[in-house]
Amino acid sequence: MAVMDSIHAPSTQTRNPLHGLTLEAIVIQLADHYGWADLGSRIPIRCFTHEPSVGSSLKFLRKTPWARDKVESLYLFMLREQKRYNAQLGHR
């Protein structure tokens, strides 16, 4: 019966903005939003500051949990910024 309960239980990830996103999608959205130069100044790691690419960034971030945490935190910050900006536009 425990298996059935877990199948029908609501997902605990429904409110998690990172749920369902790949690391690649996060890096691409950050690079598109900030640009590599600004991304490298916000998170000063070599894969963002020296010949940056999505591929080199993914290779490094997959092996380096602290850097991945920083990238995910910046992504969440970016989402909050965008939400605030869009809310301000709606009130004008």
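Note on the stretch 16-41: residues that are among the hydroxyl-bearing types (Ser, Thr, Tyr) and farther than 14 Å from residue 69 by Cα amount to 2. Selection of helices (runs of 4 or more DSSP H) fully inside the stretch 11-73 by the criterion of at least 1 residues being within 21 Å of residue 83 (Cβ to Cβ) and either out of contact with any Cys (no Cβ under 6 Å at 6 or more places or on another chain) or acidic (Asp, Glu) (or both) returns 23-42. Close Cβ contacts (under 6 Å, 6 or more residues apart or on different chains) running from residues in the stretch 12-29 that are more than 23 Å from residue 43 (Cα to Cα) to residues that are assigned to a loop (DSSP other than H, G, I, E, B) comprise 13/19.
Residue 65 satisfies every condition listed in (1) at pLDDT 95 or above; (2) surrounded by 10 or more Cβ atoms within 10 Å (Cβ to Cβ); (3) of a type outside the set (D, E, K, R) except (2). Report the residue count in the stretch 66-79 for those that are free of Cβ contacts under 8 Å to residues at least 12 places away in the same chain and either within 15 Å of residue 22 (Cα to Cα) or of a type in the set (Ser, Thr, Tyr) (or both). Total satisfying the criteria: 2. Across the stretch 76-92, the qualifying residues are those that are of a type in the set (Lys, Arg) and either on the phi > 0 side of the Ramachandran plot or in a helix (DSSP H, G or I) (or both), and the one among them that is modelled with the highest pLDDT is 80.
The values are calculated or read from the model by the stated rules, or taken from the named source; none is laboratory data. All of these numbers come straight from a predicted model, not from anything done at the bench. Reconstructed Cβ throughout: ideal geometry from the backbone, glycine too, with neighbour counts over all protein chains shown.
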